[in-house]
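A.B. asks: Below you'll find the structure I mean.
No lab work stands behind these numbers, since they all come straight from the coordinates. If you're wondering where the values come from, they're calculated on a predicted model, not measured in any experiment. Backbone-built Cβ (ideal geometry, glycine too); neighbour counts: all protein chains shown.
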Amino acid sequence: MKLLIVGALEGYLTKASCVARARGCQICHVEEPGAGLEMLRGDVSFDLVLIDDQCDIPSFARALSEERIVATLVACGLGADAKHAVAAIKAGAIEYLPLPPDPEIIAALLQSATEEKSSLVYESAAMKAVIATAEKIASSDASVLILGESGTGKEVIARHIHNRSKRKGRAFIAVNCAAIPETLLESELFGHEKGAFSGAVARRLGKFEQASHGTLLLDEISEMDIRLQAKLLRAIQEREIDRLGGSKAVAVNTRILATSNRDLKAMCAQDRFREDLYFRLNVVSLLLPPLRERRDDIALLAQHFAHKYGEENDLPTRSFSKQALEILQQQDWHGNIRELENATHRAVLLSDGAELSAGDMLAKPVQTMQNGNGSKQGTNTSANQPSGNPGNNKLATIEREAVLETITSSQGDYQRAASILGISIRMLRNKLDRYANEGHIASREQ
């Protein structure tokens, strides 16, 4: 974490910096706001700015806003002068820190400033490049198109952009365009007036209005019907929407982020996605690499999930054995981070050892499901397994059996099964088609 200190209060800020440094912070210190601005212009990666309340905080905060520099600003001063604290917060500071510094208060401020980054776990060069671009454009109001395979963390990046933007204190609302039926998506986005259609018993605000002055994430936008795309384009261009059954336009101020795991340019060429909407959304694009192309992050992510699910289930935090890490590194992770998370979660729950072993990662239940002829077909089989690394085959079997078990327990309800598995309905169907092609199950009814 990086902390910028602006001002010099008779040595008290030096004490504050010592406390922060002891907590693992990288510290930079300048005495004048002008020097602080120059520092921020050259480096946007500061997590927190601590500024003396004797400085001109209103001018400093205004300069940050005008130059679109996103920084968490905390004012500080001697004693606990209520007037100074109120003035500083009105000027743009999020908190007022009385000096001499209380180590626990500083620790809380540092934790608060870094909470938004807690879900970003990476060390690979590929992800560093993506995050660097996201940081650069976060403070703007530009639309951003986030592309990548299912499970690569597109929504996590979208939330990070929102949390680093000027809108971070406002609503962040995500809409999965693939999960909502076409007939309902228009009302979900734009809202409706009472009596607009059968069942519309009261006015309902759509997601555009709910996210006004905040951020609206259109997840899997490639699945949106092309007729609705025209209305979406107008809403983005004109910054106004029409509720279903409404008589006048409603102004909105909503930043749009969109995700897709499809090739939108190819869809435009096939007239399946509006080209003008594509260009409107694609002011800036971020392409998230699949996990197999960022293998430096696999062990880091796995340990993150092991810690997370250990805490959630009141289980000890365990590291991975050398053999388990080798298994993790060998897997291609077609489901990307989401698949790795599920595999780690399962290992945490099943493990009885002091560390997570290769056996924990390869543990699998015996399941059966009905095939197309009504007879039971075993899924715990090595028949028709793809050739290649044994670790890959075993983990692929674990995934397949978990998917089929979930579908069985959901009584064939694909939408419910996808929700339980934490994947999109389309990704679930793609998996079933692959299992059918490999001969593990009967062909899925279309």
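A.B. asks: Can you run phi through the Karplus equation (6.51, -1.76, 1.60; θ = phi - 60°) for the range 178-192 and list ³J(HN,Hα) in whole Hz, with x for Gly and Pro?
C.D. replies: Running phi through 6.51 cos²θ - 1.76 cosθ + 1.60 with θ = phi - 60° gives 7, 8, 9, x, 3, 5, 9, 5, 4, 5, 4, 7, 10, x, 8 Hz.
A.B. asks: Let me ask something additional. Kindly write out, for the range 233-239 in residue order, the coupling ³J(HN,Hα) from the Karplus curve 6.51 cos²θ - 1.76 cosθ + 1.60 (θ = phi - 60°), rounded to whole Hz, with x marking Gly and Pro.
C.D. replies: 4, 4, 4, 6, 6, 8, 6
A.B. asks: Within the range 270-313, what residues put their amide N at less than 11 Å from the label point 7 Å along the Cα-to-Cβ vector of Asp263?
C.D. replies: 270
A.B. asks: Please list, in chain and number order, the residues 5+ apart from Ile146 or on another chain whose amide H is under 5 Å from its amide H, with Hs placed from the backbone.
C.D. replies: Close amide H contacts, sequence-distant or interchain: Ala258, Thr259, Ser260, Leu286.
A.B. asks: Tell me the label-point distance for the pair Leu315, Ile180, using the 7 Å Cα-to-Cβ offset, in nm and rounded to one decimal.
C.D. replies: Here the answer is 3.6 nm between the modelled labels.
A.B. asks: Name the residues whose placed amide hydrogens come within less than 5 Å of the amide hydrogen of Leu97, ignoring near sequence neighbours (fewer than 5 apart) on the same chain.
C.D. replies: Residues meeting the amide H criterion: Ala75, Cys76, Gly77.
A.B. asks: Another question, then. Output needed: percent of Cα pairs per 10 Å distance bin for the range 123-281, bins running from 0 to the one holding the longest distance.
C.D. replies: Result, from short to long distances: 11, 39, 36, 13, 2, 0 percent.
A.B. asks: Let me know the shape class of the range 291-362, please: from the alpha-carbon gyration tensor, a ≥ b ≥ c as square roots of the eigenvalues, rounded when a/c is under 1.5, otherwise prolate if a/b is greater than b/c, or oblate.
C.D. replies: prolate
A.B. asks: Please report Lys207, Lys322 as a ranked list, fewest other C-beta atoms within 10 angstrom at the top and most at the bottom.
C.D. replies: Lys322, Lys207
A.B. asks: I'd like the Karplus ³J(HN,Hα) series for the range 251-257: coefficients 6.51, -1.76, 1.60, θ = phi - 60°, whole numbers in Hz, and an x wherever there's a Gly or Pro.
C.D. replies: 6, 9, 10, 10, 7, 10, 10
A.B. asks: With a 10 Å Cβ neighbour count serving as the proxy for reagent exposure, in which order, fewest first, do Ile425, Ile51, Ile407 appear?
C.D. replies: Ile425, Ile407, Ile51
A.B. asks: Non-local amide H neighbours of His29 (under 5 Å, H modeled in plane, Pro and chain starts lacking H): which ones?
C.D. replies: Ile5
A.B. asks: Sticking with this one: Along the Cα→Cβ direction, 7 angstrom out, place labels at Asp271 and Asp102. What is the inter-label distance in nm?
C.D. replies: 6.8
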